[in-house]
Structures are given as C-alpha cells and as structure tokens.
Amino acid sequence: FLVPAFVYLADKIGAGPDELKLIFSILVSYPLAGVLKRVPDARPAYKNLFSISISIFYLVGLFDLWDGIRTILISAGGAYAIAKFLRGSRYMPWVGFVFLMGHMSVNHIARQAANSPSSVDITGAQMVLVMKLSAFCWNVADGLLSDADLSDSQKDRRLTELPSLLDYAGFVFFFPSMLVGPAFDFAEYRRWLDTTMFEVPADVDPAKKPPTRRKRKIPRSGTPAMVKLATSLAWVFLFLKLSEYFDHNVLLQDSYLEYGFLRRLFVLHMVGVTARTKYYGVWTMSEGACILAGLGYNGVDPLTGKVSWDRLRNIDPLGVEFAQNTRAYLEGWNINTNKWLRNYIYLRVTPRGRKPGFRASLATFTTSAFWHGFHPGYYLAFVLASFIQTVAKNMRRNFRPFFLDPKTGADLPSKKFYDVASWLTTQLTFSFAAAPFLILSFSDSVLAWSRVYFYAVIGTAALTVFFASPAKGYLKKEIEKRNAKAGAVNGDGGKLSRSTSSDSLASRTPVMGITQDLEKEFDDAMSEIRPFEAKRK
C-alpha cells in the first residue's frame, strides 16, 4: 500500500522509488532501534527475534524481495554448516569464503544482466553479509588455535564454540545494518547482546561512568545518533540538489562537449562529489541507527569519561574530500570494507611467520574487484588506481621533502603550496579514475575519459616513466645533499628518514584492495616465481 506513495514522491523529487524506500527503511530503523535498546538486557532472545522480524519486513514488506530471503538463508545456512562440519579443517575458512563469494557472484551477474542500477535488489545486503560471514568462518577457525598463533585482534574476535542458531540469525538479520551495512564481527554482536560490551574498566572513575537509563547497561546514545541523522539528512539533501545538475550521464551527452576543458574537469569532479554524497548520507544514517541501538559503542575515555561511538564508522567524508594523497583518500572511504580486506584476506593469505607479499596483494586486489561485481568499469578504475597509487607514493617521497625543514621535519612556508597542489591533484585524478565506477560499461567509460583527453592516464604514464628514469636517483641525491648541508645527517649519510619522507605511505597494506607500490609487488612476484623456475629446470 506504500508503493504508490513512493512512486509519487520519486516523480516529484527525481529519485528512484527503491532509493526512497531505502532511505525510508533506515529512517524507520531509528525509532525501531530505540525499541530494540529497550528490550530487557536479560532477554537476548527477544532482541534477536525483534531484529529478525524487522529485517524480514524490510525485505518482503517493503522491497518484495522474497528471493532475497532465500538468498540470505542460503548464504547464512551454508556458512554455518561449513563452520560446523568442517571446523577441524584448516581449509574451512577458505571453503566458506569461496562458497560465499561464488554465491554472491551469481547474483552480481544476474543484477548486471537486469541492468537496473537504481533498483534495490539483494546484492547490496549480500555484499555486507559476505564480509560478516567470511569473517565468522575465520573467527570459528581461530577458536581452535593457541594464543601464540594469533594476533591480539584475532584473539579478541575468535569463537571457541559455535553460537546458537537464534543468536546467529540475529547477527545475520540485524536490521539497522541489514541493507547497506556497516559490517561487524559476531564477537561484537555477542558482546552487544549480552551487554558485556558496556562493562566499564576498573581504571575509570565511577563518577565518570557513562550515563544510562534505569537498569539498562547500554549508555545513552540518543544525542550522537541524532547528530548522525541530521548529518546524513544534510548529505541526502545535497545529493538530491546536486544530482539535478551532475548526474553521471551528463558526461556522455553531446552538450558536455560544448564546454571548455576546465569546465569539463569541474563537471567531472562534481559528478564524483555528487555520487559520493549519496553514500555519505546512507552510510552515516545507517551508522546512526546502529549507535542508537548501542552497537556503535567503542569504549569510554578513563580521563574524561567521554563515550566513543565510532565502532562502526564506515565513512569519513571530510577525510575523503580534503585528502592530499591517495592513501588518505581511500582510507576514508568504505572503512569497514578496508578492515575486512586487511584482516580476513591480506593477512590470512600470508603463512604464519612471514611478511605479506605479492600473493597477499594479488588476492586482496582480486577479492575487492570481484566483491564489487563484474562491470568492466570497476576493473578500469581498479587497474588505473593501482598505477596512480605507485606514482603518488613516488611523488610524495621524492618531492615532499623539499617543502620540509631538513633538520626538524617541520613545514616550510612553501609547504602550503605543496598541500594545495597535492589536494587538487589527488581530487582531480580520482575523479577521473572513479568515473567508470559510475558509468559501468567499458565503451562509455572510455568515451567519458576521452572527452577530458585521458589526462589522468597520460599524467600517470608520464610520471611512471619519469620515476623509472635517472631523474629519481637525482632527486634522492639532492635530498641527501640538502639534509647533509643542514646538518641532518645523524649517521645515515644525509638520507631522509622514512617517517619524514613517506609519511603515512610507509605501510604496504593495500587499501580497498589497491596496491600502492606496483614496483615492489612486481619484485616480490619475481622473487616468488624464481624458486619454482629453478626447481623446474
């Protein structure tokens, strides 16, 4: 009975009916999350049943996704069965991962064939579920290992016994994050369910304990949740306004060619900004509902008594929009997916006692690409972004030191010009690279790129050649001479320390599956291939 209302409203504001339903479902989750938090702490089964019933209402009553229920049951049931019956096998987590990714890939292909990007199907929820359930399989496997074989994070998330089916179903069908995330591990859900998450450490002054209502252990979360809601609505409003002018289809229209090059750059950039505002709004809104339910709780500062509610933070809009380097840009985007790729792919591919290398990076890249789907535009963006990361790393290491005091590492007055140039380059380069993510098809993506003369491809290729030439060695020598002249040698021959020269880019861990050093990955690949070649000969 709500369908005509959504269709009418969608026609008025220029959005899709399913997009409005999605916003409506998350908005309704706020009062429902308030009800969920008020279910007695001693009745965890009631919390599970309430959450499951709301999720089923969303899927069936709102979106008519009967086949979506089937899809979720297959994925969830299969993952639980694999964790239960293959628990003793060291391959169990990988069997679960392949099953979940394979099942989702079938639905990705079906959605791609349907060619209806604005409609909501089950693949969005299934992408979130793949993260949750593949992590669940690893957490179960970790439960059989000794402390010596696990990192602190793995020990914190491990499951020494399988949960009950009701608790597991509540985890799968947690309604505030059912459709768009954020994802979280079962250990976090269980601590929220039994309220052990909210136990205050002994070093916290009792006077600074977070306030609660009546006998509930969950601290008051109404204010931070409402702040998230207000912020998300502002992003949604901005998206609705900007999308009237900067929908991605404008890049393919003949009228786009009537603009000069600089205006085309501006439009291309604003198309990316507009697309991101939708995600800023939806993800922030969903996070707020999780905070209201209490699951966003992330501890209390023992000195100030201030409660942190960022456990499930999935987006850093300001971090993305004002990023001055590629790593900062990507780390602020889809934060929980980054964590999943790092903790359950990149670090898991590497045998214990060894450092992650080429295989880990390749597995992470492939997983990230397949997880998103099979549109050619995704792969155009991922491949170009890998080269951009490598060039950006070289730019930062070899040019940034000239804008720092060689003795103290403090910013020179000229650093502000470097910062502006870095910000502008990062934003415009990623606006170009991300366009295929919106356009999806190969031919249209190339067409959009051609209309701005492939500037990011040409620039990245030119800088790749530059840093493969003797110019890179010359820059390094100039930096060392500059440091030595300033008396900053410190026994290292004038070499600039890594912390100063590379800053946050020192880590090799891929972000969103995108490697930041193709040269190093190639060297690692060769070092791994040579022993096999020698053995074959």
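The values are calculated or read from the model by the stated rules, or taken from the named source; none is laboratory data. All of these numbers come straight from a predicted model, not from anything done at the bench. Cβ sites come from the backbone with ideal geometry, for glycine too, and all protein chains shown count toward neighbours. Surface accessibility is based on the protein's heavy atoms, side chains included, excluding ligands, DNA and RNA. Shrake-Rupley method; radii C 1.70, N 1.55, O 1.52, S 1.80 Å.
Of (1) open to solvent by 30 Å² or more (accessible area, probe 1.4 Å); (2) not in a helix (DSSP H, G or I), VAL39 satisfies all except one. Which?
(1)
Checking the condition farther than 30 Å from VAL446 by Cα and open to solvent by 10 Å² or more (accessible area, probe 1.4 Å), which residue from LEU303, LEU330 passes?
On the way: LEU330 fails: farther than 30 Å from VAL446 by Cα.
Just one listed residue meets the conditions, LEU303.
For ARG214, state whether it is surrounded by 14 or more Cβ atoms within 10 Å (Cβ to Cβ), more than 18 Å from SER431 (Cα to Cα) and either in contact with a Ser or Thr (Cβ under 6 Å, 6 or more places away or on another chain) or among the charged types (D, E, K, R) (or both). Reasoning before the result, please.
Values: surrounded by 14 or more Cβ atoms within 10 Å (Cβ to Cβ): no; more than 18 Å from SER431 (Cα to Cα): yes; either in contact with a Ser or Thr (Cβ under 6 Å, 6 or more places away or on another chain) or among the charged types (D, E, K, R) (or both): yes.
So ARG214 does not fit the description; no.
Of the residues PHE432, PHE442, PHE437, which is at pLDDT 90 or above, within 21 Å of LEU251 (Cα to Cα) and in contact with a Pro (Cβ under 6 Å, 6 or more places away or on another chain)? Walk me through it before giving the result.
Details: PHE432 fails: in contact with a Pro (Cβ under 6 Å, 6 or more places away or on another chain); PHE437 fails: in contact with a Pro (Cβ under 6 Å, 6 or more places away or on another chain).
Only one candidate passes the filter, namely PHE442.
Conditions (1) in contact with a strand residue (DSSP E or B) (Cβ under 6 Å, 6 or more places away or on another chain); (2) closer than 21 Å to ASN343 by Cβ; (3) open to solvent by less than 30 Å² (accessible area, probe 1.4 Å), marked per residue:
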residue	(1), (2), (3)
TYR91	no, yes, no
VAL95	no, yes, no
ALA110	no, no, no
SER116	no, no, no
SER146	no, yes, no
LEU150	no, yes, yes
GLU161	no, no, no
PHE175	no, no, yes
PHE184	no, yes, yes
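Can you tell me which residue among ALA471, ALA435 is closer than 17 Å to ALA385 by Cβ and open to solvent by less than 60 Å² (accessible area, probe 1.4 Å)?
On the way: ALA471 fails: closer than 17 Å to ALA385 by Cβ.
Answer to the selection: ALA435.
Right, ILE82: closer than 19 Å to TYR168 by Cβ, in a helix (DSSP H, G or I), free of Cβ contacts under 8 Å to residues at least 40 places away in the same chain and open to solvent by 20 Å² or more (accessible area, probe 1.4 Å) or not?
Working: closer than 19 Å to TYR168 by Cβ: yes; in a helix (DSSP H, G or I): yes; free of Cβ contacts under 8 Å to residues at least 40 places away in the same chain: no; open to solvent by 20 Å² or more (accessible area, probe 1.4 Å): yes.
So ILE82 fails the test.
Assuming VAL236 fulfils every condition listed in (1) at pLDDT 95 or above; (2) not in a loop (DSSP other than H, G, I, E, B) apart from one, which condition is it?
(1)
From (1) at pLDDT below 95; (2) among the basic types (Lys, Arg); (3) within 21 Å of the chain's Cα centre (by Cα), pick out the condition that doesn't hold for LYS306.
(3)
Table: residues versus (1) without any contact (Cβ under 8 Å) to a residue 40 or more places away in the chain; (2) in a helix (DSSP H, G or I).
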residue: LEU229; (1), (2): no, yes
residue: PHE266; (1), (2): yes, yes
residue: MET270; (1), (2): yes, yes
residue: ALA275; (1), (2): no, yes
residue: TRP283; (1), (2): no, yes
residue: SER286; (1), (2): no, yes
residue: THR304; (1), (2): no, no
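Go through the residues of the range 439-449 one by one and say whether even a single one is at positive phi, open to solvent by less than 50 Å² (accessible area, probe 1.4 Å), outside any helix (DSSP H, G or I) and touching a residue at least 60 places away in the same chain (Cβ under 8 Å).
Scanning the range 439-449, I find at least one residue that is at positive phi, open to solvent by less than 50 Å² (accessible area, probe 1.4 Å), outside any helix (DSSP H, G or I) and touching a residue at least 60 places away in the same chain (Cβ under 8 Å), so the answer is yes.
Could you check how many residues of the range 398-413 are open to solvent by 40 Å² or more (accessible area, probe 1.4 Å) and more than 22 Å from PHE467 (Cα to Cα)?
Filtering the range 398-413 down to residues open to solvent by 40 Å² or more (accessible area, probe 1.4 Å) leaves 399, 402-403, 405, 407-408, 410-413.
Imposing the further condition that a residue be more than 22 Å from PHE467 (Cα to Cα) reduces the set to 405, 407-408, 410-413.
Count: 7.
Can you go through VAL307, VAL282, VAL300, VAL273 and tell me which one is of a type in the set (Val, Ile, Thr) and farther than 25 Å from LEU36 by Cβ? First the steps, then the outcome.
Working: VAL307 fails: farther than 25 Å from LEU36 by Cβ; VAL282 fails: farther than 25 Å from LEU36 by Cβ; VAL300 fails: farther than 25 Å from LEU36 by Cβ.
Unique residue meeting the criteria: VAL273.
Within the range 124-144, identify whether any single residue is open to solvent by 10 Å² or more (accessible area, probe 1.4 Å), at pLDDT below 95 and within 27 Å of SER53 (Cα to Cα), and answer yes or no.
Yes, the range 124-144 contains a residue that is open to solvent by 10 Å² or more (accessible area, probe 1.4 Å), at pLDDT below 95 and within 27 Å of SER53 (Cα to Cα).
How many residues does the range 285-300 contain that are more than 20 Å from PRO206 (Cα to Cα) and open to solvent by 10 Å² or more (accessible area, probe 1.4 Å)? Even if it seems obvious, please write down each step before you answer.
First, pick out the residues of the range 285-300 that are more than 20 Å from PRO206 (Cα to Cα): 285-296.
Applying the additional criterion that residues be open to solvent by 10 Å² or more (accessible area, probe 1.4 Å) yields 292.
Matching residues across the range 285-300 total 1.
Considering each residue of the range 357-370, count those that are surrounded by fewer than 21 Cβ atoms within 10 Å (Cβ to Cβ), of a type outside the set (D, E, K, R) and in contact with a Ser or Thr (Cβ under 9 Å, 6 or more places away or on another chain), and give that number. Quick ask: steps written out before the conclusion?
At the first step, the residues of the range 357-370 found to be surrounded by fewer than 21 Cβ atoms within 10 Å (Cβ to Cβ) are 357-359, 362-363, 366, 369-370.
Now restrict to residues that are of a type outside the set (D, E, K, R): 357-358, 362-363, 366, 369-370.
Imposing the further condition that a residue be in contact with a Ser or Thr (Cβ under 9 Å, 6 or more places away or on another chain) reduces the set to 357-358, 362, 370.
Residues that pass the stated criteria total 4.
Regarding PHE374, is this residue hydrophobic (A, V, I, L, M, F, W, C) and assigned to a helix (DSSP H, G or I)? Write out each step before concluding.
Working: hydrophobic (A, V, I, L, M, F, W, C): yes; assigned to a helix (DSSP H, G or I): no.
No: the conditions fail for PHE374.
Looking at the range 194-205, I want the residues that are free of Cβ contacts under 8 Å to residues at least 40 places away in the same chain and have a partner that is surrounded by 14 or more Cβ atoms within 10 Å (Cβ to Cβ) and in a loop (DSSP other than H, G, I, E, B) with Cβ atoms under 8 Å, at least 6 apart or on another chain. Which pairs are those?
GLU199/LYS217
Within the range 334-355, can one find any residue that is in contact with a Lys or Arg (Cβ under 8 Å, 6 or more places away or on another chain), free of Cβ contacts under 8 Å to residues at least 40 places away in the same chain, outside any helix (DSSP H, G or I) and of a type outside the set (Phe, Trp, Tyr)?
yes
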